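Notes to accompany the following structure.
The values are calculated or read from the model by the stated rules, or taken from the named source; none is laboratory data. Remember, predicted model here, so these are calculated numbers, not experimental data. Cβ coordinates were reconstructed from backbone atoms using ideal geometry, including for glycine residues, and neighbour counts include every protein chain displayed.
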Amino acid sequence: MTEEKKIPVIWAVGGGKGGVGKSIIGTFIAFWLSRMGKKTVLVDTDLGGANVHTLMGIKNPPRSLNDFLAKKYSSLNDICIDSEVNGLRLITGAGEILSLANPKFAQKIKIMKGILKLDADQVILDLGAGSSYNTLDFFLMAEKKLVVVTPQPTSIQNAYSFIRGAVYRRLSQLTSRDPSISALIQTAMNPKNELQMRTIKELCQVIEDLEGAEASKEIKKDLGKIRPIIVTNMVREPSDKNAGKIVQLVAEKYLTIRSENFGTVVYDRQIEQMISEMTPLVRISQSSEFFGCVYDIVIKALEPN
Ligand SMILES: Nc1ncnc2c1ncn2[C@@H]1O[C@H](COP(=O)(O)OP(=O)(O)OP(=O)(O)O)[C@@H](O)[C@H]1O
Ligand SMILES: [Mg+2]
């Protein structure tokens, strides 16, 4: 009997806005998972502005996703780089090759298939800033969909837009074979549309009226599977924790998306200092509060839904 190969558990860390701490949180999640004895790979999917290797103290990565796309290596397993943490390997982004910030559709699919075949228990995808289709597709492929937000109003807005983008992206994928529903979704994406579809609930109602209850039921069921995990980062005072709560409430109200709002990560000056000194982040003082915050997130996220 041939043993079936296990697909790794995939985590994605997104959030829309740049500089909110996606890479840092992704790095520490990967760190904790490997400390728990899980074979872990941290993938820098930010093909245009890859930097996770620097956070791990690796200056010139010997291999990158670019080599995989250029067919120098046939498997993503072969471009993994060992890190100083036992059980944690890295796949670095493409470095300076800016043209790869928008990989062609076929290249993205190739990377996604490669991720599913990685020899790992857990794979963390560090997403770039923004809500491009590529970023959203990596987010949607993950089982654990983390959205990082900070107390800044622009970050709260971007985190919500990121989740909204993911929901509409999934909707377009689901209905791509049905031109009339696809057209409705395109219309609904414009918040000022004439059919007054401002929320997913309103959109589903229009779909139900035009296409029948079955069509809208299927869509609602599939969207129900998108359960983002909202992580509020750079928390300096108790009221900062509201950022995640706001994103959760707005996503529920307008997108009918139920998200988990369970992580808060404190602001820690040590991190900024380590980054400016280029000290590998995983050498952070293990007694720091920051370190404990990410641990709590990992433990909660590992619980079955
Ligand atoms: N909890 C924290 N405490 C202190 N500083 C932090 C914290 N989180 C993030 N930072 C600071 O924010 C900077 C940006 O973090 P990071 O690179 O993880 O953001 P990002 O969301 O991945 O950005 P990008 O979208 O550009 O990839 C870090 O260099 C660090 O200085
Ligand atoms: Mg980053």
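Which one of these does Phe68 not meet: (1) buried (at least 21 other Cβ atoms within 10 Å of the Cβ); (2) within 19 Å of Glu272 (Cβ to Cβ)?
That leaves (2) as the condition not met.
How many residues are at pLDDT 95 or above and closer than 21 Å to Thr135 by Cα when one looks only at the stretch 81-111?
Final tally of qualifying residues: 2.
Restricting the search to the stretch 1-18, which residues are more than 9 Å from ligand 2 (Cβ to nearest atom) and either closer than 24 Å to Val149 by Cα or polar (S, T, N, Q) (or both)?
So in the stretch 1-18, the residues more than 9 Å from ligand 2 (Cβ to nearest atom) come out as 1-12, 14-17.
Of everything in the stretch 1-18, those that are more than 9 Å from ligand 2 (Cβ to nearest atom) and either closer than 24 Å to Val149 by Cα or polar (S, T, N, Q) (or both) turn out to be Thr2, Val9, Ile10, Trp11, Ala12, Gly14, Gly15, Gly16, Lys17.
Out of the residues in the stretch 113-135 that are at pLDDT 95 or above and either among the basic types (Lys, Arg) or in a helix (DSSP H, G or I) (or both), which is nearest to ligand 2 (Cβ to nearest atom)?
Out of the qualifying residues, it is Ile115.
If we only count helices (runs of 4 or more DSSP H) wholly inside the stretch 190-305, which ones have 2 or more residues that are of a type in the set (Lys, Arg)?
213-223, 242-255
Restricting attention to the stretch 143-166, does a residue exist that is among the aromatic types (Phe, Trp, Tyr) and closer than 20 Å to Phe105 by Cβ?
Taking the stretch 143-166 as the starting set, the residues that turn out to be among the aromatic types (Phe, Trp, Tyr) are 160, 162.
If we keep only those that are closer than 20 Å to Phe105 by Cβ too, we end up with none.
The answer is no; no qualifying residue exists.
Please indicate, with yes or no, whether at least one residue in the stretch 174-192 is closer than 20 Å to Gly14 by Cα and not β-branched (Val, Ile, Thr).
First, pick out the residues of the stretch 174-192 that are closer than 20 Å to Gly14 by Cα: none.
No, because not a single residue in the stretch 174-192 is closer than 20 Å to Gly14 by Cα and not β-branched (Val, Ile, Thr).
Quick check: anything in the stretch 140-150 within 16 Å of ligand 2 (Cβ to nearest atom), at pLDDT 95 or above and of a type in the set (Ser, Thr, Tyr)?
Yes, the stretch 140-150 contains a residue that is within 16 Å of ligand 2 (Cβ to nearest atom), at pLDDT 95 or above and of a type in the set (Ser, Thr, Tyr).
A quick yes/no check of all residues on (1) out of contact with any helix residue (DSSP H, G or I) (no Cβ under 7 Å at 6 or more places or on another chain); (2) within 16 Å of ligand 1 (Cβ to nearest atom); (3) in contact (Cβ under 8 Å) with a residue 60 or more places away in the chain:
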position: Lys220; (1), (2), (3): no, no, no
position: Lys225; (1), (2), (3): yes, no, no
position: Gly244; (1), (2), (3): yes, yes, yes
position: Ile257; (1), (2), (3): no, no, yes
position: Tyr267; (1), (2), (3): yes, yes, no
position: Gln270; (1), (2), (3): yes, yes, no
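Take the stretch 137-148 and flag every residue that is in contact (Cβ under 8 Å) with a residue 40 or more places away in the chain and part of a helix (DSSP H, G or I). Lay out the reasoning, then the answer.
Residues of the stretch 137-148 in contact (Cβ under 8 Å) with a residue 40 or more places away in the chain: 138-148.
Residues satisfying the conditions are Phe138, Phe139, Leu140, Met141.
In this structure, is Thr175 farther than 16 Å from Val149 by Cα, hydroxyl-bearing (Ser, Thr, Tyr), within 20 Å of the chain's Cα centre (by Cα) and not assigned by TED's automatic domain parsing to the domain that holds Lys17?
On the way: farther than 16 Å from Val149 by Cα: yes; hydroxyl-bearing (Ser, Thr, Tyr): yes; within 20 Å of the chain's Cα centre (by Cα): no; not assigned by TED's automatic domain parsing to the domain that holds Lys17: yes.
No; evaluated as a whole, the condition is false for this residue.
Could you tell me which numbered condition Asp46 fails, if it satisfies all but one of (1) of a type in the set (D, E, K, R); (2) closer than 18 Å to Thr92 by Cβ; (3) more than 15 Å from ligand 2 (Cβ to nearest atom)?
(3)
Name the residue that is surrounded by the fewest Cβ atoms within 10 Å (Cβ to Cβ), counting only residues in the stretch 19-43 that are away from ligand 2 (no atom under 15 Å from the Cβ) and assigned to a loop (DSSP other than H, G, I, E, B).
Among those residues, the one meeting the criterion is Gly37.
Return the pair list, or none, for Cβ contacts closer than 8 Å from residues in the stretch 186-204 that are in contact (Cβ under 8 Å) with a residue 12 or more places away in the chain to residues that are outside any helix (DSSP H, G or I) and hydrophobic (A, V, I, L, M, F, W, C), at least 6 apart or on different chains.
Ala188/Leu195; Ala188/Met197; Ile200/Ile257; Leu203/Met197
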